[in-house]
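Contents: one structure, followed by commentary.
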Amino acid sequence: MKETKTLTRYIFITGGVLSSLGKGIASASIGLLLKQSGFSVTIMKFDPYINVDPGTMNPFQHGEVYVTDDGAETDLDLGHYERYLGESLSKKNNHTTGQVYFEVIEKERRGEYLGKTVQVIPHITDAIKLRMKSFEGKKDFVIIEIGGTVGDIESLPFLESQRQMYLELGRRRVMNIHLTYVPYIKSSGEVKTKPTQHSVKTLMEYGIRPEILLCRSENKLTKDIKSKIALFCSVEENSVIDVPDATHTIYEVPLTFKQQGLHNILLEKLVMDPVEPNLDEFKKFVDKIKRPANEVTVGLVGKYTQYRDSYKSIIEAFIHAGSINNTRVNIEMVNSEEIEEVGAEAKIGNLDGILVGPGFGRRGIEGKIAAIKYARENNLPFLGICLGLQCAVIEFARNICGLEKAHSAEFEKTNQNVIDLMESQKSVKNKGGTMRLGAYPAIIADNTLAYKAYQTHEISERHRHRYEVNNQFRQLLIDNGLVCSGTSPDGELVEIIEYPLHPFFVGVQFHPELKSRVISGHPLFIGFIKAALKEHKRKEK
């Protein structure tokens with residue numbers, strides 16, 4: 001029997017008025033509604049910056065770098081997509097201006113354009129459209145988020161490609177959605193629609209007419225305001241979707257969309273039969289976030305704590321684990337440099353647990369080590385991620401094994417570098433331009449906290465690092481009581497460490513937060529919050 005190809009439909013989501021309105025959350029929420037309606041869905045992000053990827057970008061500017069199974073360093077919005085859809089994405093889901101131009105210039109250098117003048121139209125836009133059609137025939141819906149704000153010069157080639165896609169495929173296969181902002185002016189007590197009108201006008205000047213408007217606002221919009229927006233922006237009134245600020249959590253957004261029938265408005269405009277998504281489990285998950293039975297406060301110890309998006313996936317993993325434990329997780333951002341100034345007890349002594357996060361560079365390292373020492377000596381639940389594991393090994397080597405100069409080769413060259421460059425990285429000439437990236441398998445030992453959490457001996461987790469536990473010191477660490485509970489299949493790389501004389505002391509070389517999902521969470525975060533809850537109840541007695 002011949003296989004029938006899926007007729008793929010494309011939903012474009014653009015943003016206007018100002019940045020950071022939540023296009024990623026909106027895209028993920030629409031994806032969830034469609035997936036729970038029985039459709040196959042994927043989401044793509046097209047970023048207008050000229051960087052090839054965000055791998056070398058400052059966390060204070062761009063937030064965290066989200067790593068996929070295939071080792072792509074991508075925008076943090078891919079984390080939202082994966083968490084809501086419950087599916088792993090790949091490098092095919094994130095594209096940048098830098099990647100597109102790099103590809104076109106390489107083709108020009110090889111002579112593939114046969115001497116033609118290479119231009120934005122058609123050469124750049126053709127390359128973009130080819131990427132947009134990566135899932136053609138494979139998915140029912142492809143949701144495409146265009147980064148930036150309408151009016152930015154950087155995103156024009158993507159918008160032109162969007163216009164051409166609509167022209168080529170037609171209204172039955174392409175839907176344009178615009179996310180905008182409707183501000184409330186407190187001094188006059190008025191809601192203003194003019195920014196939205198101008199944003200839509202700008203979009204229409206590029207040849208794109210939005211059929212649905214998602215209107216962000218502080219409060220719900222009145223019927224009169226929605227009617228005014230519909231009239232001046234040439235959309236149907238029921239297609240003006242109210243998106244008030246989420247009261248408790250971003251996971252309320254899909255429920256808000258469903259309540260207003262966004263899924264069926266979409267399907268109707270694409271000439272498809274209406275379907276009701278099943279959000280029963282999702283609603284239970286959200287209810288436990290909004291009305292939990294318990295509460296804990298944990299510290300996220302890091303160097304980029306001024307900008308929460310630098311640890312976006314960790315924060316979301318805490319929320320998932322909190323819901324599963326029926327516990328509100330209050331997160332206190334702890335700058336590790338401040339620990340160096342005032343001491344660990346002053347910064348983390350009142351907490352129910354600490355997570356020492358990933359990072360690069362020497363700044364704040366001693367503060368992280370001091371926080372880990374305090375957690376180990378005071379039985380405070382501890383979870384270390386990537387650099388967090390490495391700092392835990394340094395702390396253990398110094399204070400338990402007696403290696404006073406124990407350090408990482410990344411920061412200081414000594415004969416006691418318990419953390420050293422991986423063998424696979426030593427042969428790389430450009431040492432600043434490569435890492436161990438993506439999903440790799442690991443083997444977990446019996447009778448360990450890791451096995452108790454995962455309930456399996458074989459796992460696969462995502463990595464982003466160049467340094468590892470130095471095997472020259474591994475036996476010394478083990479002899480002094482540190483347990484290497486997880487290793488690479490060949491036993492060469494330490495993936496998980498534990499200190500068994502402690503209620504919960506675990507460090508991992510990988511990034512478990514990148515595999516935490518809505519409803520199911522991640523085993524290590526679930527176990528950590530469970531331990532923090534025990535600590536909280538102990539302190540209350």
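The values are calculated or read from the model by the stated rules, or taken from the named source; none is laboratory data. Bear in mind the structure is a predicted one, so any value in this text is a computation, not a measurement. In this analysis, Cβ positions are derived from the backbone assuming ideal geometry, glycine residues included, and neighbour counts consider all displayed protein chains.
Miscellaneous remarks
- Any hit, the stretch 476-486, residues being under 22 Å from the mean Cα position of the chain (by Cα) and either closer than 22 Å to Pro358 by Cα or not assigned by TED's automatic domain parsing to the domain that holds Asn325 (or both): no
- Members of the stretch 139-162 found to be assigned to a helix (DSSP H, G or I) and either surrounded by 19 or more Cβ atoms within 10 Å (Cβ to Cβ) or in contact with a strand residue (DSSP E or B) (Cβ under 7 Å, 6 or more places away or on another chain) (or both), listed by number: Ser155, Pro157, Phe158, Leu159, Glu160, Ser161, Gln162
- Screening the stretch 188-217 for residues that are hydroxyl-bearing (Ser, Thr, Tyr) and out of contact with any strand residue (DSSP E or B) (no Cβ under 8 Å at 6 or more places or on another chain) and picking the one that is farthest from Ile25 (Cα to Cα) gives Ser188.
- The condition (being surrounded by 16 or more Cβ atoms within 10 Å (Cβ to Cβ), in contact (Cβ under 8 Å) with a residue 12 or more places away in the chain and not aliphatic (A, V, I, L, M)) is satisfied by just one residue among Gln390, Gln455: Gln390.
- Scanning the stretch 497-522 for residues that are over 22 Å from the mean Cα position of the chain (by Cα), among the aliphatic types (A, V, I, L, M) and outside any loop (DSSP other than H, G, I, E, B) returns Ile497, Val506.
- Output for the stretch 284-321, where each listed residue is under 18 Å from Ala246 (Cα atoms), part of a loop (DSSP other than H, G, I, E, B) and either among the basic types (Lys, Arg) or touching a residue at least 60 places away in the same chain (Cβ under 8 Å) (or both): Arg291
- Filtered by the rule that a residue be in a strand (DSSP E or B) and among the polar types (S, T, N, Q), the stretch 8-23 gives a lone residue, Thr14.
- Scanning the stretch 338-381 for residues that are in contact with an Asp or Glu (Cβ under 9 Å, 6 or more places away or on another chain), among the charged types (D, E, K, R) and under 22 Å from Ala406 (Cα atoms) yields Glu340, Arg362, Arg363, Glu366, Lys368, Lys373, Arg376.
- The listed residue being surrounded by 20 or more Cβ atoms within 10 Å (Cβ to Cβ) and hydroxyl-bearing (Ser, Thr, Tyr), out of Thr256, Thr247, Thr305, Thr297: Thr305
- Considering only residues in the stretch 425-445 that are modelled with pLDDT of 80 or more and over 17 Å from Leu387 (Cβ atoms), the one that is surrounded by the most Cβ atoms within 10 Å (Cβ to Cβ) turns out to be Ala442.
- Residue tally, condition under 18 Å from Ile372 (Cβ atoms) and not hydrophobic (A, V, I, L, M, F, W, C), over the stretch 471-494: 3
- Filtered residue count, the stretch 465-496, keeping only those that are acidic (Asp, Glu) and part of a helix (DSSP H, G or I): 1
- First in the stretch 439-451 and part of a strand (DSSP E or B), second anywhere and basic (Lys, Arg), Cβ under 7 Å, 6 or more apart: Ala439/Arg462
- Complete set of residues in the stretch 390-420 that are β-branched (Val, Ile, Thr) and under 29 Å from the mean Cα position of the chain (by Cα): Val393, Ile394, Ile419
- Boolean, Lys92 is in contact with a Ser or Thr (Cβ under 6 Å, 6 or more places away or on another chain) and basic (Lys, Arg): yes
- Residue match in the stretch 339-354 (condition: closer than 22 Å to Ser516 by Cα and surrounded by fewer than 16 Cβ atoms within 10 Å (Cβ to Cβ)): no
- Tallying residues that are in a loop (DSSP other than H, G, I, E, B), farther than 13 Å from Thr96 by Cβ and over 13 Å from the mean Cα position of the chain (by Cα) within the stretch 51-67 yields 1.
- The residues of the stretch 27-48 that are under 18 Å from the mean Cα position of the chain (by Cα) and under 29 Å from Val120 (Cα atoms), listed by number, are Ser27, Thr42, Ile43, Met44, Lys45, Phe46, Asp47.
- Residue count for the stretch 205-227, restricted to those that are surrounded by 15 or more Cβ atoms within 10 Å (Cβ to Cβ) and either out of contact with any Ser or Thr (no Cβ under 8 Å at 6 or more places or on another chain) or in a strand (DSSP E or B) (or both): 9
- Residues of the stretch 366-383 include at least one that is within 27 Å of Arg464 (Cβ to Cβ) and under 23 Å from the mean Cα position of the chain (by Cα).
- Hey, Arg462 in a helix (DSSP H, G or I) and either acidic (Asp, Glu) or surrounded by 17 or more Cβ atoms within 10 Å (Cβ to Cβ) (or both) or not: no
- Any hit, the stretch 177-191, residues being part of a helix (DSSP H, G or I) and either surrounded by fewer than 20 Cβ atoms within 10 Å (Cβ to Cβ) or outside the structural domain of Leu270 (by TED's automatic domain parsing) (or both): no
- Pairs with Cβ under 6 Å, 6+ apart, first in the stretch 39-60 and outside the structural domain of Lys129 (by TED's automatic domain parsing), second in a helix (DSSP H, G or I) and buried (at least 17 other Cβ atoms within 10 Å of the Cβ): none
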